[in-house]
Amino acid sequence: MELQALRKHGWSIRALAREFGLSRNTVRRELRSPSPRQYSQRAQPAALNAAQLAHVERRLAVCPGIRGSLLYFELRRDYQYAASYPAFVRHFRTLRPPVMRGPEIRFETDPGIQTQADWAHLGGWPLGESMVELHAMVTILGCSRAPAIRFATDCTRPTSLERLLRCLDDLGGVTKEILTDRDPAFCIGATGDGSAILAPEWVDLCALLGVVPKACRPYRAKTKGKVERMVRELKESFVPWLTGQVLPLRCTLADYDRLAQSWIRELVLPRRHRTTQQVVGKAWLEERARLRPIPSRILDSFNNELLVPLTPIAVDEQQRQLGELVEIRSLAEYEVAL
């Protein structure tokens with residue numbers, strides 16, 4: 001129909017052939033034909049006959065999630081189906097009912113509301129004189145999508161809290177809440193209804209910072225999808241970028257931290273985010289005004305390896321022993337006192 005219409009508007013045979021990627025003889029044959037070209041029905045040796053099709057539909061009605069390999073076995077055993085398994089799968093895909101999934105709902109937060117944090121495992125990298133398993137604490141602001149990355153050689157609780165605090169300081173302060181997964185560094189268990197039991201050290205640190213700690217549901221990575229996306233980008237973008245850099249002769253964790261900051265400054269902050277449609281660096285500058293700076297006394301209480309208690313608690317052993325003794329009195333004594 002398009003060939004006929006364009007030909008009536010003065011298109012030449014050569015122009016039509018160039019436009020549709022056809023030979024000139026094919027264009028002439030189509031223009032001379034009074035009706036569209038008819039194609040003969042191809043043989044389908046792998047097609048299901050009526051009995052085989054009825055069996056597949058009956059099994060799908062009872063069990064929509066049945067595996068194709070099981071159906072193929074039943075057809076070969078009971079209905080003499082002779083085609084190959086890949087050929088059967090091509091027909092089976094058109095018969096299986098589609099899986100209906102709910103729409104993905106993006107969860108956006110206002111500036112200064114939420115920070116998401118997670119560990120990323122990057123494999124073996126040189127550190128000093130040896131190779132070590134390198135881990136990266138990744139944090140990201142929920143509104144501006146500005147990230148911060150700090151590296152470590154382990155994921156213990158003291159290291160996790162110290163690295164997370166350094167990331168928050170790199171971002172310019174803390175938000176109202178921090179969302180993590182149920183890593184043992186942040187959670188020590190779950191209640192009967194599935195709620196997370198947060199680690200006491202993590203709760204105490206959040207109380208000092210004035211933030212609300214939150215943990216996502218187990219096996220629900222989409223809850224903190226923003227930091228999950230940054231973890232993926234760290235592995236797919238930062239690691240290839242790092243292989244093209246000139247590393248120091250004996251790398252330290254501070255060197256990796258410095259390189260990560262360079263990668264963020266050169267590649268992440270100047271780009272326009274596809275979801276927010278804002279330049280990450282510009283949005284970060286606007287969100288930093290909503291963040292609360294971390295007091296220097298809290299930063300000074302951490303070193304690079306472990307968490308140092310802010311104020312040691314002195315326990316009076318005599319008072320503790322007195323508190324462990326319970327004296328039982330009769331109710332008559334209380335009546336006399338009254």
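In vacuo Debye scattering of the chain, one point per C-alpha: log10 I(q)/I(0) at q = 0.15 Å⁻¹?
Once normalised to I(0) and log-transformed, intensities are -1.16.
So what is the 222 nm mean residue ellipticity for the chain from helices alone, if each DSSP H run of at least 4 adds -39500 (n - 2.57) and you divide by all residues, rounding to the nearest 500 deg cm²/dmol?
Theoretical 222 nm ellipticity from helices: -11500 deg cm²/dmol.
Let me know the shape class of region 1-156, please: from the alpha-carbon gyration tensor, a ≥ b ≥ c as square roots of the eigenvalues, rounded when a/c is under 1.5, otherwise prolate if a/b is greater than b/c, or oblate.
Oblate shape, in that a/c is at least 1.5 and b/c is the bigger or equal ratio.
Calculate the spin-label point distance for Leu247 paired with Arg292, positioning each point 7 Å from the Cα along the beta-carbon direction, and give it in nanometres.
4.0
Quick one: which residues, 5 or more positions from Val132 or on another chain, have an amide H under 5 Å from its amide H? H modelled 1.01 Å from N in the peptide plane, none for Pro or chain starts.
Those lying under 5 Å, H to H, from Val132 are Trp125, Leu127.
Select from Ala260, Ala15, Ala54 the residue whose mean-square fluctuation is largest in a Gaussian network model of the chain (Cα-Cα springs shorter than 10 Å).
Ala15
Grab the Cα-Cα distance for Ser195 and Glu233, subtract it from 0.36 nm times how many residues apart they are, and report the gain in nm with one decimal.
Stretched out fully, the Ser195 to Glu233 stretch lengthens by 10.7 nm.
Which of the lysines could a cross-linker span from Lys235 if the Cα-Cα distance has to be under 21 Å and same-chain partners fewer than 8 positions apart are dropped?
Excluding near neighbours in sequence, the set is Lys222, Lys224, Lys226.
Using the Cα gyration tensor of region 253-306, with a ≥ b ≥ c the square roots of its eigenvalues, what is the shape: rounded (a/c below 1.5), prolate (a/b larger than b/c) or oblate (neither)?
Oblate, since a/c reaches 1.5 and b/c is not below a/b.
Dipole of region 134-193, Cα-centred, from +1 at each Lys and Arg C-beta and -1 at each Asp and Glu C-beta, to the nearest 20 debye?
Taking the Cα centre of region 134-193 as origin, the dipole is about 140 debye.
Where in region 126-160 does the label zone of Glu266 land, with the point 7 angstrom along Cα→C-beta and an amide N cut-off under 15 Å?
Backbone N within reach: none found.
Taking R0 as 45 Å, what FRET efficiency do you get between Leu22 and Tyr79 from their Cβ-Cβ distance, rounded to the nearest 0.05?
Once the sixth-power term is evaluated, E becomes 0.55.
Take every DSSP beta bridge with both residues inside the chain and express the antiparallel ones as a percent of the total, to the nearest 5.
The antiparallel proportion sits near 75 percent.
Mind checking region 1-83 for trypsin sites (Lys or Arg not before Pro) that DSSP puts in a loop (not H, G, I, E or B) and that have at most 12 other Cβ atoms within 10 Å?
Arg37, Arg42, Arg67
Whats the longest run of the chain with zero chymotrypsin sites (Phe, Trp or Tyr not before Pro) that are DSSP loop and have at most 10 other Cβ atoms within 10 Å?
40-218
Expressed as a rounded percentage, what relative contact order does the chain have, with Cα pairs under 8 Å and six or more residues apart?
15
Read-outs: derived from the displayed coordinates by stated rules, not from any lab. Just so it is clear, the structure is predicted and the values come from calculations on it, not from any experiment. Every residue, glycine as well, gets a Cβ built from its backbone with ideal geometry; the counts of neighbours run over all protein chains shown.
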